[in-house]
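Before any comments, here is the structure.
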Amino acid sequence: MRWLAPLPFVLLLEVHHFASALRVTAEARSRSVPRHPHLAPRANVSGIPIKNTQNVQYVGNITLGGNSLAVILDTGSSDLWVAADVPGAKDTGKSVSLSYAIGVAKGNVNTAPMVFDNYTVADQAFVLVKDTSTFSSSFATDGYQGLIGLGPNTGSVVHKTVGSSADSPLFRIFEQNTTSQNFISVLLDRQSDPGDPVTAQFTISEVVSGFENITSQPKLTIKDVPTLTSADQHWAVFTDKDGVIGPDGQVIDVSSIVPHAPDGKLVAVFDSGFSLPQVPRAMSDAIYGRVQGAAYDATNEWWTLPCDQELNLTIKFGGIDFPVHPLDVNSDDLGAKDSSGNPVCVGLFQPITSAFSLLGEFDMILGMGFMRNSYTLIDFGNFVSGSSSDRNDPFVQLLPLTDRNAAHADFVTVRLNGVDTTGSSTKTLLPASQESHSPESAAEKKQHREGAVLRYWPYILIGCLAFVILVVGTCVWACCCRRKKTARANVGFKNPYQSINEPAPPPLHMQAMGGQYADPYGRR
């Protein structure tokens, strides 16, 4: 599963089982907002600095074949592809196609020396893409030249095509550094937020300076995908029970589509390559459907609402609250407009449609809009074989970054020009009975039906087999009964006084009469 967000802002995702593309027609836009003078200095940069492009794209540098290349950092996929010159690259002769809902990264698998966060891999496999026309018309000026997948090796198409010599980049790094902890960490910043004290960074086997206490946070066990397949293993964990708190301060009650998920919990995927978090439709409606002036845009499949509407949202993991900054709940970065041409904000927590999990592997994708609110550590654990120091189950640790009071002050500064009008009657949420609901498209209904079949196909198969066995068994039983009945009908009358060993006498009409046998017709 792959997601990335080039500009003009279009969300791309690989379709192993996704039915439709998510198109975002508005372009992201940037602003310059002065920082508060009292803010603490930003964290020291360690690992790889991350470039934030208008809150919809996070890019870091790798060196491939001696060339420094900017690539999107994507925890939602597992392959490396570039569309650039790579000196000394060796062609394996095998080609792959990384299909996305919008765009295809197609080309031959090559190998070349790679340097990533000061770790060197002598012959890293990657896809050399020649044609980028299916992505964005302005690919060359979008600020990146490819994508590096930071997900589990089981999701690598290159690995499946070439074999173990073509493991994903992080697996290659961890496999040759067996004494290191197999973890990465992702720290994303927020543009146009005067109160954001962090600098976006990515690290391998070390934590960002100043955020060391992340290692004391609860370890959230990675949720295994259904035993049906391991191809779509993601960095997925369970929320707490009743773990989503909406703008009205109440629990948003949504049932999980994941088989055997604990009651009241949802499975969430952490994906740094997905710009708009994808959540169950009922959850998205509960967040935005009671806002005065909100409307659902069926073309872009998102909610729009007035930009001066502050909304609070909290998601709980491991007994800890993770408030989502109101600037991340509804965004003015996308330059959206209503039917009259007036600027509106976009609800970032979008109904999950094009990334719908047909196999029921997850309920929501917490992309950049959520990950800006937590420092994220992902430990690969025993997903990587051969490590001598990291043999535990994979897990995620999260450190909250958003303070509710400080976030409110940021919102007033950025959206309300310093005048707090959030308490006005026009900003009061409508009663729950007046909540608006977004329509489910025909394509989405089809996805749900297909998903139900795929998720429950083992039970359907067992039922069909049981039916076949029952029918066959009934037929066999009927045949046996018929044979027994026929056999009984063919058995003649036996004289009860006759000895068992005595031969049966001839029929009466064949018995001797005067030394001769009688003729049935009376002849002698």
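The values are calculated or read from the model by the stated rules, or taken from the named source; none is laboratory data. Just so it is clear, the structure is predicted and the values come from calculations on it, not from any experiment. Methodologically, a virtual Cβ is constructed for each residue, glycine included, from the backbone with ideal geometry; neighbour enumeration extends over all protein chains shown. Note: accessible area is taken over every heavy atom of the protein model, side chains too, but ligands, DNA and RNA are not part of it. Shrake-Rupley method; radii C 1.70, N 1.55, O 1.52, S 1.80 Å.
Observations
- Oblate is the label for region 76-224. Its Cα gyration tensor axes, ordered a ≥ b ≥ c, give a/c of at least 1.5 and b/c at or above a/b.
- Here the dipole of region 277-365 is about 160 debye; that uses its Cα centre as origin and unit charges on the Cβ of Lys and Arg (positive) and Asp and Glu (negative).
- Note on region 216-335: Cα-Cα pairs beyond 18 Å make up 57% of the total pair count.
- In terms of its alpha-carbon gyration tensor, region 74-120 comes out oblate; a/c meets the 1.5 threshold, while b/c is at least as large as a/b.
- Accessible area (Å², per residue) of region 260-396, counting only protein heavy atoms and a probe of 1.4 Å: 25
- The residues of region 147-233 present an accessible area of 34 Å² per residue when probed at 1.4 Å with all protein chains retained.
- Out-of-range pairs (alpha-carbon distance over 26 Å; input 130/160; 219/241; 265/337): 265/337
- The 3J(HN,Hα) values that the Karplus relation (6.51, -1.76, 1.60; θ = phi - 60°) gives for region 365-380 are, in residue order, 10, 8, x, 4, x, 8, 5, 5, 9, 8, 8, 10, 10, 10, 9, 6 Hz. Gly and Pro appear as x.
- Amide H contacts of residue 149 (H built 1.01 Å from N, in plane; Pro and chain starts excluded): 79, 80, 81 sit under 5 Å, all sequence-distant by 5 or more or on other chains.
- Shape call, region 166-211: gyration tensor on alpha carbons, a/c limit 1.5: oblate
- Region 282-356: relative contact order as a whole-number percent, Cα under 8 Å and 6+ apart: 30
- Kirkwood analysis of the Cα pair distances in region 42-125 returns a hydrodynamic radius of 14.3 Å.
- Equivalent ellipsoid dimensions for region 281-437 as semi-axes, Å, which come from the Cα gyration tensor, largest first: 33, 20, 14
- Rg/Rh for region 184-269 (Cα atoms only, Rh after Kirkwood) is 1.04.
- By accessible area, using a 1.4 Å probe on protein heavy atoms only, region 323-442 has 49% of its surface on carbon and sulfur.
- Of all accessible heavy-atom area on region 75-201, the percent that carbon and sulfur account for (1.4 Å): 49
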